[in-house]
Amino acid sequence: MPTQDDLNYPVSIYPPDISAYRAGNTGVEYVHQFDSGKPGPHVMISAVVHGNELSGAIAIDHLLKHEVRPLKGKLTLGFMNVAAFLSFDPENPTFSRFIDEDFNRLWTKDVLEGNRDSVELRRAREVHPILDTVDLLLDIHSMQTTTLPLIVAGPHAKGREFAQQFGITEMVVSDSGHKAGRRMRDYEGFSDPKSSKNALLIECGQHWEVSSSELAITAAWRFLSLSGVISEETAVPYLSAHPLVKQKFVEVSEPYTIKTKSFRFVERYVGLEIIPAAATIIGYDGEEPLTTPYENCVLIMPSRRQLPGDTAVRFGKILGTPNNS
């Protein structure tokens, strides 16, 4: 369950009305695809994988209103967990993350083609045939706490190199995901080092801050320009607020998965803290201390959702270059 800390963040942005986009043009509701008729990559931008993360919906609404069309290849713009998004209530803003289960933990063929059922699985089964055809994905997210935006680039050098070309956020996190299930960013070829497919997940900042929606819009235009489906000249007016930056690359060595119902941190960590000493106690899982595994350990996205099976925090090492494996 969300904690009181989550509820203290003011809601300064609001979900756009996406009812006009319901029919889509792909046979899947809320998914729009535009084909240039010319050779090129199939590029996709996805939003509201988590229903209370509004910045991506604002960015896709912005692109659709600006009638963005690809110069080459295909462009798909998709609102993902629409049921959760449509349940968003600014009076209880954390409670619409999902309806039945986390949409971003379902992305293996075994799960998608299995016998389980949920609101999120039904939606994932609708959209995954489209995702199967995507070459480059930008998945737009936001975070529980106010901390630096970051890119989640996956576990391989190809993702880190793509993030370096993208260049929007200072922090780039390289990891393998969560024990609770695979993210959409890691689906099939996106996480295969031998595949030409690639994906980035951007965490634009705190869920309901205006700056998160502004960064999401910039990131969407930058992604489309970088992939070549629109011209640099078309994107330039939307990029000046977030120029390219010098980046820091952090590799996640391991997530910590909560074991008990009485997990707690010893301090109110918000993320990207660097803990100098190894074996520093940062929390307790029941009576068992949770300690940092090495020196200069970076805490990645410590969670306020502290239930058994959830990821409490990820431990990261600072990398020298994006090419380090």
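Along segment 281-291 the Karplus relation, 6.51 cos²θ - 1.76 cosθ + 1.60 evaluated at θ = phi - 60°, assigns HN-Hα couplings of 6, 10, x, 9, 10, x, 9, 7, x, 9, 10 Hz to successive residues, with x for each Gly and Pro. A 26 angstrom limit on the alpha carbon distance is what I want to check against. Which of K194/K246; K72/K194; K158/K248 exceed it? With Cα atoms farther than 26 Å apart: K194/K246. Remark on N81: its backbone amide H falls under 5 Å from those of V49, a criterion applied only to residues 5 or more positions apart or on other chains, H modelled at 1.01 Å from N. Here the gap between T280 and D35, fully extended at 0.36 nm per residue and compared with their Cα-Cα distance, gives a gain of 82.9 nm. Once backbone amide H atoms are built at 1.01 Å from N, V173 has I151, V152, A153, V250 as its partners under 5 Å, excluding neighbours fewer than 5 places away on the same chain. Modelled spin labels at L148 and R69, positioned 7 Å past Cα toward Cβ, are 4.1 nm from each other. Between the helical axis of 210-227 and the longest alpha-carbon principal axis of the chain there is an angle of about 60 degrees.
Report note on the peptides 296-307, 42-53, 111-122: ranked by the mean count of other C-beta atoms within 10 Å, highest first, their order is 42-53, 296-307, 111-122. Rounded to the nearest 20 debye, the dipole size of segment 4-246 about its Cα centre is 780 debye, using +1 on the Cβ of Lys and Arg and -1 on the Cβ of Asp and Glu. Within the straight-line cut-off of under 13 Å between alpha carbons, the aspartates and glutamates reachable from K65 are D17, sequence neighbours fewer than 8 places apart in one chain being disregarded. Using a Gaussian network model of the chain in which every pair of alpha carbons under 10 angstrom is joined by a spring, one finds that among D135, D110, D102 the greatest mean-square fluctuation is at D110.
Net charge in the neighbourhood of S142 (other residues with Cβ under 9 Å of its Cβ; Lys, Arg +1, Asp, Glu -1) is -3.
Laboratory data are not the source of any read-out in this text; all were calculated from the coordinates shown. Since the structure is predicted, the reported quantities are computational estimates derived from the model, not experimental observations. Cβ: placed from backbone, ideal geometry, glycine included. Neighbour counts: every protein chain shown.
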